[in-house]
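*Asks:* Pasting a structure below so you can have a look.
Readers should treat all values here as calculations from the given coordinates under stated rules, not as data from a laboratory. What you are looking at is a predicted structure, and each value in this text was computed from that prediction instead of being measured. Cβ placement follows ideal geometry from the backbone for every residue including glycine, while neighbour counts extend to all protein chains displayed.
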Amino acid sequence: MKCSKCGKKVGRDGVCVSCGTQCRTPKTSLLGNFALVFAFFIPIVGLVLGIIAVCLAPGKQDKVLLADGIKAIVMSVVVTAAHILLLYVLAMLGVAVPFIIANIAG
Ligand SMILES: [Zn+2]
């Protein structure tokens, strides 16, 4: 990729090595990364950060942040659903297993 200002080579970080112009936005955003990490470990925090990322993104025309925000929101919902399902299965096992054991024993 070449610099839009001087036509020289652009570094990996998207900054021109010759004149220092920001030619390309970095592929990661700090808020987006935080949102994605929290979405997996603490879904409610990831959901809030994801919504913040989506709200901030359009004004700054930051498509990476917007994409990360949407991913974080989706991931938060999926992880929360998985947690609920896991709790439901554990609760069902907790009810079913003693019942089966009691029937076999009795
Ligand atoms: Zn340049």
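*Asks:* Considering only GLY14, GLY46, GLY94, give the residue with the highest GNM mean-square fluctuation for the chain, with springs between Cα atoms whenever their separation is below 10 Å.
*Replies:* Of GLY14, GLY46, GLY94, the Gaussian network model singles out GLY94 as fluctuating most.
*Asks:* Give the residue from CYS3, LEU65, LEU87 lying farthest towards the positive end of the charge dipole for the chain; charges sit on Cβ (+1 for Lys and Arg, -1 for Asp and Glu) and the dipole is referred to the Cα centre.
*Replies:* Of the candidates, CYS3 comes out farthest on the positive side.
*Asks:* Follow-up question, since we're still on this one. Would you mind checking which residues have amide H under 5 Å from GLY11's amide H? H placed 1.01 Å from N; only 5 or more apart, or other chain.
*Replies:* Long-range HN contacts for GLY11: CYS16, VAL17.
*Asks:* May I pose another question? I'd like to compare 34-42, 15-23: which one has the highest average count of other Cβ atoms within 10 Å, and what's the full order after that?
*Replies:* On the way: 34-42: 18.4, 15-23: 14.9.
Final packing ranking: 34-42, 15-23.
*Asks:* A follow-up question, please. 222 nm [θ] for the chain, helices only, -39500 (n - 2.57) per DSSP H run of 4+, per residue, to 500? Could the numbers behind the result be given before it?
*Replies:* Numbers: 3 runs with 73 residues, N = 106.
That calculation yields -24500 deg cm²/dmol at 222 nm.
*Asks:* Let me ask something else about it. Can you tell me which lysines have their Cα less than 23 Å from the Cα of LYS63? Leave out same-chain residues fewer than eight positions away.
*Replies:* LYS2, LYS5, LYS27, LYS71
*Asks:* Rank by packing, highest mean first: peptides 47-56, 78-87, with packing defined as the count of other Cβ atoms within 10 Å averaged across residues.
*Replies:* 47-56, 78-87
*Asks:* Starting from the exponent 0.38 and prefactor 2.2 Å, build the expected Rg for the chain from its residue count and divide its actual Cα Rg by it. Numbers along the way, then the final one.
*Replies:* Working: Rg = 23.5 Å, N = 106, 2.2 N^0.38 = 12.9 Å.
Here the Cα radius of gyration is 1.81 times the empirical estimate.
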